[in-house]
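Working notes, beginning with the structure itself.
The values are calculated or read from the model by the stated rules, or taken from the named source; none is laboratory data. Model, not experiment: these values are computed from the prediction. Here the Cβ positions follow ideal geometry from the backbone for every residue, glycine too, while neighbour counts run over all protein chains shown.
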Amino acid sequence: MIRAFIAVEIDPQVIRRISAAIDQLKPQIFGVRWTAAENFHLTLKFLGDVEEARIDPIGAALEDHLHLFPRFSINAKGLGVFPDMRRSRVLWVGLAASELASLASELQSTLERFGFAAETRSFTPHLTIGRWRQINRAPKSLGPSLESWKDYPFGATNVNEVILFQSLLNPRGAVHTRLKTVTLRTTNLTTEGSQGDRRWT
């Protein structure tokens with residue numbers, strides 16, 4: 001079995017800015033298991049354990065359905081927590097792009113044929129940068145610590161690819177390996193004809 005997920009990578013300059021923010025937050029926020037910078041990515045769909053024989057068909061389907069999707073840009077802005085300040089478990093960087101909802105929907109329709117259920121939760125684009133350990137809770141000072149970061153602009157990422165990853169877990173953290181890369185189109189989607197067919201120019 002292969003532990004797999006589908007994601008887009010984040011621009012290195014954005015990652016450096018987020019890492020700098022983490023360095024400033026570490027002395028103020030305790031009990032957090034911080035995400036390694038090399039594992040920063042936007043997860044579009046976590047597939048879980050997948051039979052190896054299904055990986056190539058899934059990759060081919062992703063290529064077939066996503067290669068016409070236009071390239072776009074994601075803005076990384078602000079820090080926040082899930083589920084809320086009083087019960088904080090996840091520390092995140094917000095991500096915004098109008099195209100993300102359409103991409104997630106297209107991806108879901110592609111994966112349904114392979115038996116992957118639709119998400120029950122609404123799609124909330126974010127980067128997980130830290131998780132509170134089970135035995136620790138977020139400190140009361142968390143709100144003031146994050147206040148100056150709530151609207152901080154970390155920068156933009158040009159999304160040119162969607163990637164199917166393998167995730168290997170080890171004691172030092174997860175190691176992610178590319179299994180399939182789908183390159184998005186550089187042109188804009190237009191609609192032509194009475195049937196509303198999708199065309200690229």
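List of remarks:
- Enumeration of residues in the range 2-39 that are assigned to a loop (DSSP other than H, G, I, E, B) and at pLDDT 95 or above: I10, D11
- Filtered by the rule that a residue be under 30 Å from G31 (Cβ atoms) and polar (S, T, N, Q), the range 55-105 gives N75, S88.
- Of all residues in the range 23-46, those that are under 18 Å from the mean Cα position of the chain (by Cα) and of a type in the set (A, V, I, L, M, F, W, C) total 7.
- All told, N39 falls short of being more than 26 Å from G173 (Cβ to Cβ) and touching a strand residue (DSSP E or B) at 6+ places or on another chain (Cβ under 7 Å).
- The set of residues in the range 44-62 being touching a strand residue (DSSP E or B) at 6+ places or on another chain (Cβ under 6 Å) and loosely packed, with under 15 Cβ neighbours inside 10 Å consists of F46, D49, E52.
- Test: residue in the range 110-124 that is in contact with a strand residue (DSSP E or B) (Cβ under 8 Å, 6 or more places away or on another chain) and modelled with pLDDT of 90 or more: yes
- Pair list, Cβ under 7 Å, 6 or more apart: the range 74-93 residue more than 18 Å from N158 (Cα to Cα), other residue assigned to a strand (DSSP E or B) and of a type in the set (S, T, N, Q): V90/T128; W92/T128
- Qualifying residues in the range 169-185 (those that are farther than 25 Å from P57 by Cα and surrounded by fewer than 10 Cβ atoms within 10 Å (Cβ to Cβ)) - the one modelled with the highest pLDDT: N170
- For the range 69-79, the criterion of a residue being more than 12 Å from the chain's Cα centre (by Cα) and assigned to a helix (DSSP H, G or I) is satisfied by no position.
- Taken together, the criteria place R113 among residues that are under 20 Å from D64 (Cβ atoms) and surrounded by fewer than 16 Cβ atoms within 10 Å (Cβ to Cβ).
- Subset of the range 80-106 [over 15 Å from the mean Cα position of the chain (by Cα) and part of a loop (DSSP other than H, G, I, E, B)]: P83, D84, S88, R89
- Whichever residue in the range 77-102 is touching a helix residue (DSSP H, G or I) at 6+ places or on another chain (Cβ under 8 Å) and over 23 Å from R16 (Cβ atoms) and, among such residues, is surrounded by the most Cβ atoms within 10 Å (Cβ to Cβ): S88
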